[in-house]
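Here's the structure, in structure tokens; my notes come after.
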Amino acid sequence: MSLRKFLPAFTLALSLSSTLIAQVPYGPIKPTPPGEILSNLKKLNVLGSVLYIAAHPDDENTLLLAYLAKDRLVRTGYLSLTRGDGGQNLIGPEQGENIGVIRTQELLAARRVDGPDQFFSRAYDFGFSKSTDEAVRTWGQEKVLADVVWMIRKYQPDVIITRFPPDSRAGHGHHSASGFLAEEGFKIANDPTKFPEQLAYVKPWQAKRILWNVFIPGAFMSNKKPDEAGNLIGIETGLYNPLLGKSYGEIAAESRSQHKSQGFGVAANRNARIDYLLLKGGSPVEKDPLDGVDISWKRVPKSEAVQGQVNQVIAGFKPDQPEASVPALVQLYGAISKLDTANIYVKAKRQEVEQLIRQCLGLWFETNPVDYAATPGETIRLTTNVVNRADAAVTLLNVRYSVGKDTTLNVPLKPNDVVVLSTPVTIPQNQKISQPYWLEKPIVKGVFQVDNQQLIGLPENPPAISTTYTFDISGQQFTFTRPVVYKSTDPVDGEIYRPFIIQPAVTANLAERVYAFSDDTPKTAELVLRAGRANVSGTVKLEAPAGWRVEPASQPFALDRKGSEQRITFTVTPTAQAQNGKLQAVMTTSGSGQTNSTFTTGLRVIAYKHIPTQTLFPPAEAKVVKLDVKVTAKNIGYIVGAGDEVPAALQQMGCRVTILGPTELSRNLSAYDAIVVGIRAYNINDYLANYQANLMDYVKNGGTMIVQYVTPGGSGMLQNGLKVNQLGPYPFKVVNERVTEEDAPVEFINPQHRLLNYPNKITQNDFAGWIQERGIYFAQDWDKAYEPIFSSHDQNEAAKQGSLIYAKYGKGSFMYTGLVFFRELPAGVPGAYRLFANMISVGK
């Protein structure tokens with residue numbers, strides 16, 4: 001599995017108790033060019049902050065963020081209310097909280113490019129929402145508002161900027177809710193009677209103003225002045241930064257292009273750009289978002305001498321000798337340390353000076369374990385490397401590990417002479433497993449359950465193990481903290497970094513997410529057990545809901561090597577009383593040298609080159625469903641789209657599934673009872689244009705073809721957003737029309753239609769228990785040859801009939817559907833199985 005090394009964050013890790021927040025640098029220390037060092041020196045003179053608030057990853061205006069962080073040099077943060085869990089995934093099969101994990105890392109990658117800090121609330125992205133009311137009702141308004149207030153109080157922004165207005169112009173209920181909650185938070189963050197439990201860690205805070213970063217739909221880069229009444233200003237953000245060698249438009253494009261799972265790669269904009277800001281509350285603004293905000297050292301009492309020292313360091317900086325600035329920076333650090341250390345800017349500037357000293361010296365240090373994972377109680381060897389690349393007096397005093405080991409050294413660091421330390425450490429028995437903190441408990445009513453107040457807002461977990469390095473630099477001690485990270489070498493990609501994790505002694509993955517039974521025939525449930533350490537053994541059993549028989553009752557396992565696997569099978573049989581529910585794997589370790597422990601987690605690794613590998617430990621379970629479903633189509637061809645798990649569901653219905661690529665599509669297709677096209681396949685697969693005629697001939701000659709949803713636009717596509725001019729045998733349009741309420745009523749337009757009656761009688765009960773939504777990207781303006789099957793609508797909206805359209809073509813049948821089978825089938829929704837069975841069987 002090949003991974004690309006990822007960029008580090010711009011700041012070192014801080015303790016959770018700190019008022020300041022920094023991103024955890026799970027990668028190598030990045031060498032800092034002199035131009036960037038000079039820019040960071042200039043930032044020492046800027047004591048202001050801005051908090052930008054929106055709803056999702058990719059909502060943020062990366063151009064404005066880059067301008068604020070790298071031109072205005074203010075502390076800049078982006079608070080995304082959700083992690084994008086409800087979005088679609090263009091790069092793989094992950095959905096729900098798993099795509100949320102990917103998009104979290106993509107957002108962190110974006111911030112490593114454009115500079116700001118990244119934060120999240122506990123809100124879960126439950127999919128498209130049409131109103132603020134629905135969004136805050138699902139999340140729980142007070143919970144998410146509390147998170148917004150928490151971040152305002154913790155980050156202490158002078159100015160708050162929202163991406164969206166708090167009304168329908170935002171185009172999405174989550175968007176408008178982010179504007180609404182930001183404005184409410186702005187009003188109450190300084191009120192000590194609101195969320196007083198937070199005051200154990202932070203104090204009330206009043207930002208000077210809140211602004212809306214106005215946008216014009218369809219004219220984002222036009223520089224056209226919005227037609228908005230009120231206190232509106234325009235600022236030029238498309239500037240060039242000679243110290244960085246890039247314009248903010250180029251930085252913004254690189255940042256936005258990190259959102260690869262959403263397909264948001266963009267070209268760089270090098271033109272002039274005006275961003276408009278509308279006052280929504282607080283002090284009036286004349287020309288600049290920071291009007292009236294003192295962003296100088298004057299806001300810190302008794303800092304006059306510090307201001308002068310900063311100016312001297314900037315004036316004396318030598319790009320070809322950055323280490324020459326170190327003595328003055330050390331003196332500056334001492335002067336700042338004498339100020340009020342409770343002041344957020346004193347803390348921030350001390351940390352910035354520490355970072356600048358490291359950058360000027362080219363000081364490099366990291367600690368790597370021999371493996372990327374260990375279990376509680378396991379001993380693992382760590383290797384620490386330290387190098388000073390400047391001709392300056394630096395002494396490595398000691399190295400300490402968070403698991404209790406420390407080494408006193410007092411080693412002078414010669415220029416470019418690497419100091420290597422190797423030491424074994426033992427992971428404490430009570431060390432927590434490395435599960436993302438927001439996924440430790442089940443989601444309840446649209447929000448992640450997080451009990452630790454100080455974790456709320458953090459983009460990811462604190463490191464499993466960290467190392468602190470203490471140096472003597474020009475007579476002053478400096479301590480830097482970094483996570484322990486695993487490093488390997490790939491023959492193609494070179495050095496690869498991966499977060500070090502703590503894992504269970506044993507995990508179990510069931511082969512299927514859903515086991516669907518259409519009769520009482522037993523099925524085999526296969527488990528893959530994986531050892532988190534060497535020599536782990538015991539027994540495993542499958543717990544099932546009432547009415548299911550699992551044989552045998554338990555089975556032994558023995559895994560001799562760390563990482564070794566063992567496959568174990570159980571036979572699962574439904575009885576007449578079988579209730580739908582979950583199969584749960586339970587492993588109990590026992591035997592020589594082992595503590596009897598019980599484990600119930602699986603293992604999921606999310607690995608893509610553009611993000612650090614993410615390791616999750618979800619429950620070791622699968623859904624078990626007793627279906628009253630009949631299928632007459634058995635041989636199914638499947639054209640893979642942007643990633644879904646429908647093929648596995650088809651196999652659970654007893655179908656034989658063949659994945660169809662260019663080679664298969666060039667052949668005679670008549671052997672397939674039905675051909676199903678995966679989501680967005682016509683958006684991403686160029687080769688489909690070459691085989692569309694063959695697919696239409698397949699239908700004409702008696703085949704059944706089902707096209708799952710496509711999106712109507714995108715780069716590299718035809719004008720209609722697709723790789724072909726026409727999806728089906730007759731024309732129809734696909735539009736961004738959807739029914740987002742998963743319990744929205746569904747009417748049968750023609751109850752006698754074959755799709756509703758053969759081989760399963762579809763009733764209203766088949767639309768019970770759907771998740772997230774009914775459907776997306778509906779058909780519209782279809783040819784009269786098509787028949788709409790359903791009518792549905794969200795509350796207070798007109799009926800929509802484009803969720804499933806059907807047409808006869810020659811001897812065969814063609815269907816387009818926006819119904820979200822890609823969500824419902826993996827979730828084990830019985831009615832979705834029955835309806836899909838009818839669709840693939842309609843021609844048999």
Let's test the formula: R0 of 60 Å, r as the Cβ-Cβ distance of Asn690 and Glu142. What FRET efficiency results, to the nearest 0.05?
0.60
In nanometres, what is the gap between the two model label sites at Ile749 and Gln206, each 7 Å from Cα along Cα-to-Cβ?
5.9 nm
Residue (of Tyr816, Tyr486, Trp150) at the positive-pole extreme of the chain, dipole from beta-carbon charges
Tyr486
Whole-Å distance, taken between Cα centres, linking the stretch 314-352 and the stretch 455-523
33 Å
Over 23 Å (Cα to Cα) among Lys260/Lys349; Lys43/Lys203; Lys154/Lys194; Lys203/Lys349 -> Lys260/Lys349; Lys43/Lys203
When the charge dipole of the chain is computed with +1 on Lys and Arg Cβ and -1 on Asp and Glu Cβ about the Cα centre, the Cα farthest towards its positive end, among Gly538, Trp364, Ile102, belongs to Trp364
Furthest towards positive pole of dipole, Gly637, Phe128, Ser283, structure part the chain, Cβ charges
Gly637
Would you mind checking the pairs Lys733/Lys844; Lys70/Lys287; Lys338/Lys405 and listing those with alpha carbons more than 26 angstrom apart?
Lys733/Lys844; Lys338/Lys405
Whole-Hz ³J(HN,Hα) from phi, Karplus 6.51 cos²θ - 1.76 cosθ + 1.60, for the stretch 514-526, glycine and proline x:
9, 10, 9, 10, 9, 8, 8, 5, x, 10, 8, 9, 9
Please sort 823-836, 682-695 by packing, taking for each peptide the average over its residues of neighbouring beta carbons within 10 angstrom, highest first.
823-836, 682-695
To the nearest 500 deg cm²/dmol, what mean residue ellipticity at 222 nm is calculated for the chain from DSSP H runs of n ≥ 4 alone, each contributing -39,500 (n - 2.57), summed and divided by the residues?
-6000 deg cm²/dmol
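Give me the percent relative contact order of the chain, please, defined on Cα pairs under 8 angstrom at least 6 residues apart.
10 percent
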Shape call, the stretch 748-804: gyration tensor on alpha carbons, a/c limit 1.5:
oblate
Neighbour-limited loop hits for trypsin sites (Lys or Arg not before Pro), the stretch 532-639 (at most 11 other Cβ within 10 Å; DSSP other than H, G, I, E, B)
Arg561
Checked against a 20 Å limit on the C-alpha separation, the offending pairs among Lys582/Lys630; Lys143/Lys347; Lys30/Lys246; Lys445/Lys541 are Lys582/Lys630; Lys143/Lys347; Lys445/Lys541
Below 10 angstrom from the Cβ of Pro504, what's the summed charge of the other residues (Lys, Arg +1; Asp, Glu -1)?
+2
How much length is gained on full extension from Asp417 to Arg549, taking 0.36 nm per residue of separation minus their Cα-Cα distance?
40.9 nm
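Using alpha-carbon pairs under 8 Å, 6+ residues apart, how would you state the relative contact order of the stretch 629-841 in percent?
25 percent
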Using a cut-off of 13 Å between beta-carbons, work out the net charge of the residues near Gly87 (Lys and Arg +1, Asp and Glu -1, Gly87 not included).
-3
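Ratio of Rg to Rh for the stretch 506-625, alpha carbon only, Kirkwood?
Here Rg/Rh amounts to 1.02.
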Write down, largest first, the equivalent ellipsoid semi-axes of the stretch 296-352 in whole Å, where each equals the square root of 5 times an eigenvalue of the alpha-carbon gyration tensor.
22, 11, 9
At a threshold of 8 angstrom on Cα-Cα distance, excluding pairs fewer than six apart, so keeping six or more, what relative contact order does the stretch 296-352 reach in percent?
34 percent
Taking 0.36 nm per residue of separation between Asp493 and Asp520 and subtracting their Cα-Cα distance, the length gained on full extension comes to 4.6 nm
Hey, got the dipole for the chain? About the Cα centre, +1 on K and R Cβ, -1 on D and E Cβ, debye to the nearest 20?
740 debye
Expressed in angstrom and rounded, the centroid-to-centroid distance over alpha carbons for the stretch 161-215 and the stretch 809-833 is 41 Å
Please report, in whole Å³, the volume per residue of the convex hull around the C-alpha atoms of the stretch 784-824.
72 Å³
For a label point 7 Å from the Cα of Glu565 along Cα→C-beta, name the residues of the stretch 512-527 whose backbone N is under 15 Å from it.
512-513, 526-527
With both bridge residues required to lie in the stretch 328-440, what share of the DSSP beta bridges run antiparallel, to the nearest 5%?
95 percent
Give the cross-link partners of Lys808 among the aspartates and glutamates, using a straight C-alpha distance below 16 Å as the criterion and excluding same-chain residues fewer than 8 apart.
Asp673, Asp697, Asp783, Glu787
List the trypsin sites (Lys or Arg not before Pro) in the stretch 719-761 that DSSP assigns to loop (not H, G, I, E or B) and whose Cβ has at most 15 other Cβ atoms within 10 Å. Which are they?
Lys761
Would you mind working out the magnitude of the charge dipole of the stretch 629-841 relative to its Cα centre, with +1 at each Lys and Arg C-beta and -1 at each Asp and Glu C-beta, to the nearest 20 Debye?
740 debye
Please work out the FRET efficiency for the pair Gln577 and Asn701, using the Cβ-Cβ distance as r and a Förster radius of 41 Å; give the result to the nearest 0.05.
0.35
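Quick one: if the Förster radius is 41 Å, what FRET efficiency do Thr379 and Lys338 give, using the C-beta to C-beta distance and rounding to 0.05?
Working: r = 44 Å, r/R0 = 1.06.
It comes to 0.40.
Would you mind computing the Rg to Rh ratio of the chain from its alpha-carbon coordinates, Kirkwood style for Rh? Please report the intermediate quantities before stating the final value.
Details: Rg = 29.2 Å, Rh = 29.5 Å.
The Rg/Rh ratio comes out at 0.99.
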In which sequence would Tyr240, Tyr248 go, from the one with the fewest C-beta neighbours within 10 Å to the one with the most?
Tyr240, Tyr248
Please list, ordered by chain and number, the residues whose modelled amide H lies under 5 Å from the amide H of Thr76; skip anything fewer than 5 residues away on the same chain.
Val50, Asp117
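The numbers here are math on the coordinates, done by the rules we state, and not lab data. Since the structure is predicted, the reported quantities are computational estimates derived from the model, not experimental observations. Cβ coordinates were reconstructed from backbone atoms using ideal geometry, including for glycine residues, and neighbour counts include every protein chain displayed.
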